[in-house]
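One structure, pasted below without further comment.
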Amino acid sequence: LLNINVGGKLFQIAYSVVARYPITRLGKLALYTDPTKKLQLCDDYSVQKNEYFFDRDPSIFHYIFHFYRSGVLWIMDEMCPSNFVEEIEYWGIHLKYSQRCCRILFEEKQDELSEYLKIQKELEAELEPLDSAKQFEGKFLGRFREMIWNLIENPYSSVAAKIIAVMSSIFVLISIVAMTLSTVEEMKHKTGKVWMEQLEMICAIFFTSEYLMRLISSSSFKNFLRAAFNAVDLVAILPFYIQILFESLDEGDALYHEELHQMENVGKLGKVLKLIKLMRIFRILKLARHSTGLRAFGFTMRQCYQQVCCLFLFIAMGVFTFSALMHSVEHDVPGTNFTSIPYAWWWAAVSLSTVGYGDTVPDTVLGRMVAFGCISFGIILNGMPISILYNKFSDYYAKLKAHE
């Protein structure tokens, strides 16, 4: 008999049994005749007891021991997949010796664990700046840059940092409200326009100062430009300066060029200027920097992009299918709006979303039956992703708060 001590528990097995698996660790131990090679396979050897000692988990070795006796590797559900794989690799036993049903369930559990660890790593990366204060050690003006970095990036570091974080959110809201009010007819007169311009200038100065402070405190200029939040900050301040540049060009063209083609250029310039002003709406994304809920929502969308893409695919299939059916049963009705399948797309999209504006409705009985099928399909479709997305969102939100 081969005497094996695993973690303090003694196991005895016949040499002939383990020799049937010569590529395994115990199989090699039974077949080798050189004592030096045998000692390389175990952690220790007792000459008095003729006992080979292995400093491994005895609870898992029970399944290894059972494998040598029966030829089948059993896998229990409560085992940690990573630990079990590490143990069987140490003993030189392949997973193929397990039953197919056990192996499928085990591999599914492995995939779930890998996905969980991947998500945990990405969640930690979401809050990586909160743990990177050591990056300033040994760098130029490291102490000063670290102080600015804590002030801007870490609102939990001091009262002043918290005040700046709150001020940043307030200025974002003020900027969005000012942009909204600037489109109101009563605010387009001279006094209101001046007030809106002054408010926009104050917000732009604050956002520019905030961006420059982040740039100064950054340890790597390349990483700073790659960061998504910093790109949002840049988009928040660029429209103001581009607007000033275009307005100066607009005035120059109006003063010094009176030709018709120059006035056409001024008109095109005004359209571009309106588009640039509209870009200020992206400032609301700055709130995600200090909002765990918004970050959790963005993280959920990134993690569930496959489910979201599937949902859009189902919607597209429903729109094309029900619009074609509706056109086929309604196109002969006098005065119908379903003159072609593309004209029926809007009705199908509105019905699938269960909004139902009622601007386009079927007139025939068959058409109403198709509409009922479209609405029923929409109800089922809308109910599918809600539980998945909400459960994942609440889970990620709780984890982000815990990391914070």
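Evaluate the charge dipole of the chain about its Cα centre and quote only its size in Debye, nearest 20, assuming +1 on the Cβ of each Lys and Arg and -1 on the Cβ of each Asp and Glu. Working shown, then result.
Numbers: 40 positive and 43 negative charges, 237 e Å.
Once rounded to the nearest 20, the dipole reads 1140 debye.
May I ask for the angle, rounded to the nearest 10°, between helix 341-352 and the longest principal axis of the chain, with both axes built from Cα atoms and the value confined to 0 to 90°?
70 degrees
Report the charge-dipole magnitude of segment 6-99 in Debye, nearest 20, computed about the Cα centre from +1 at each Lys and Arg Cβ and -1 at each Asp and Glu Cβ. Don't jump to the answer; show the numbers that get you there.
Working: 10 positive and 11 negative charges, 100 e Å.
For this selection, approximately 480 debye.
With the other protein chains left in place, how much accessible area per residue, in square angstrom, belongs to segment 294-403 at a 1.4 angstrom probe?
Values: 6620 Å² over 110 residues.
Each residue of segment 294-403 exposes 60 Å² on average to a 1.4 Å probe.
Report relative contact order for the chain in percent, whole number only (criteria: Cα-Cα under 8 Å, sequence separation at least 6). Don't skip to the answer; put the middle values down first.
Working: 374 pairs, mean separation 38.7, N = 404.
Worked out over the chain, it gives 10 percent.
To the nearest Å, what is the center-to-center distance of segment 291-326 and segment 193-207, using C-alpha atoms only?
38 Å
Given the C-alpha centroids of segment 380-404 and segment 334-379, what is the distance between them in whole angstrom?
Here the two parts' Cα centres lie 32 Å apart.
While we're here: Which is farthest toward the positive dipole end of the chain among Pro22, Ser158, Gln306, measuring Cα position about the Cα centre, with Cβ charges +1 (Lys, Arg) and -1 (Asp, Glu)?
Pro22
Determine the percent antiparallel among the DSSP beta bridges restricted to the chain, to the nearest 5. List each step's numbers first, then the result.
On the way: 8 of 13 bridges.
If we restrict to bridges inside the chain, about 60 percent are antiparallel.
Sticking with this one: Quickly estimate the mean residue ellipticity at 222 nm for the chain, helices only: each DSSP H run with n ≥ 4 gives -39500 (n - 2.57), and the total goes over all residues, rounded to 500. Working shown, then result.
Working: 16 runs with 275 residues, N = 404.
So the helix-based figure for the chain works out to -23000 deg cm²/dmol.
Now, a different point. Using only alpha carbon positions, build the gyration tensor of segment 294-403, then give the equivalent ellipsoid semi-axes as the square roots of 5 times its eigenvalues, largest first, whole angstrom. Kindly include the intermediate steps, with their values, before the conclusion.
Details: eigenvalues 278, 26, 21 Å².
Ellipsoid half-lengths, sorted descending, are 37, 11, 10 Å.
In degrees from 0 to 90, rounded to the nearest 10, what is the angle of the helix 81-91 Cα long axis to the longest principal axis of the chain?
30 degrees
The values are calculated or read from the model by the stated rules, or taken from the named source; none is laboratory data. In this text the structure is predicted, and so the values were computed from the model without any measurement. For neighbour counting, all protein chains shown are included, and Cβ atoms are generated from backbone atoms with ideal geometry for every residue, glycine included. Note: areas computed on protein heavy atoms with side chains; ligands, DNA, RNA excluded. Shrake-Rupley method; radii C 1.70, N 1.55, O 1.52, S 1.80 Å.
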